[in-house]
Every structure is written in C-alpha cells, then in structure tokens.
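Data block below; observations after.
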Amino acid sequence: MAEGLNRVMLLGNLGADPELRMTGGGQAVLKLRLATSETYLDKNRVRQERTEWHSVVVWGKRGEALGKFLTKGTRIFVEGSLRTSSYEV
C-alpha cells in the first residue's frame, strides 16, 4: 500500500511584505502571504480570474535569509508540504 503524498507547489506574488519574528527559543519564523491566480472560461465562455491566498511559513536560517530581500509584489515559487500546527512567537 502506498505511503501517501503531501506535496505542494505554488507560483504567485507576495501580497504583503514578509513578517520575520523569532520564537521564544530564538528560532526565526518568516510569514508570507502568497496570492496565486488562475484564469478560466465560465459557462458563457467569458474569461474569469480566480485568486487564492495562501499562508506560507519558512523556518530557521532560510526564513532569515529570505526575509532580507523578499518584498510585497515579488513573484516566488514555493515547494513544500501542508502542515497544520500552532506556535507562539
């Protein structure tokens, strides 16, 4: 039996400047708001656009590094996995 698959790929634009914080334990947490848009034809063959908003979290040194140059409007590609969790900053 297959183990399963949890893989996400997103290509979009940042809707806000990233937010870099540190946890109580000193680990960096970078929060991103990413907009992905797709176009489609509705039932009347009129082109429509749909935008989805995604919350992306980058941990550790990678988050610190990305926080130095990413800004609102930057187009980025994200690959990772979906996780449901909570943490305090």
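The values are calculated or read from the model by the stated rules, or taken from the named source; none is laboratory data. Small disclaimer: the values here were computed from a predicted structure and weren't measured. Cβ sites come from the backbone with ideal geometry, for glycine too, and all protein chains shown count toward neighbours.
So here's what we get for this one:
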item	result
Some residue of region 26-33 being more than 16 Å from the chain's Cα centre (by Cα) and not in a strand (DSSP E or B)	yes
One residue from K68, K43, K61 being out of contact with any strand residue (DSSP E or B) (no Cβ under 9 Å at 6 or more places or on another chain) and farther than 19 Å from L10 by Cβ	K43
Lone unmet requirement of (1) in a loop (DSSP other than H, G, I, E, B); (2) at negative phi for R45	(2)
Region 7-26, residues that are in contact with a Phe, Trp or Tyr (Cβ under 8 Å, 6 or more places away or on another chain) and modelled with pLDDT under 95	T23
Selected residue [in contact with a Pro (Cβ under 7 Å, 6 or more places away or on another chain) and under 22 Å from T84 (Cβ atoms)] from L5, L32	L32
Hey, G4 surrounded by 10 or more Cβ atoms within 10 Å (Cβ to Cβ), out of contact with any helix residue (DSSP H, G or I) (no Cβ under 9 Å at 6 or more places or on another chain) and modelled with pLDDT under 95 or not	no
Of all residues in region 10-25 being part of a strand (DSSP E or B) and within 17 Å of the chain's Cα centre (by Cα), the one that is farthest from V78 (Cα to Cα)	R21
Enumeration of residues in region 1-27 that are among the charged types (D, E, K, R) and farther than 20 Å from E64 by Cα	E3, R7
Residues of region 49-72 satisfying the condition of being part of a strand (DSSP E or B), surrounded by fewer than 11 Cβ atoms within 10 Å (Cβ to Cβ) and not hydrophobic (A, V, I, L, M, F, W, C)	E49, R50, S55
Within region 73-89, tally of residues that are assigned to a loop (DSSP other than H, G, I, E, B) and either at pLDDT below 95 or loosely packed, with under 14 Cβ neighbours inside 10 Å (or both)	10
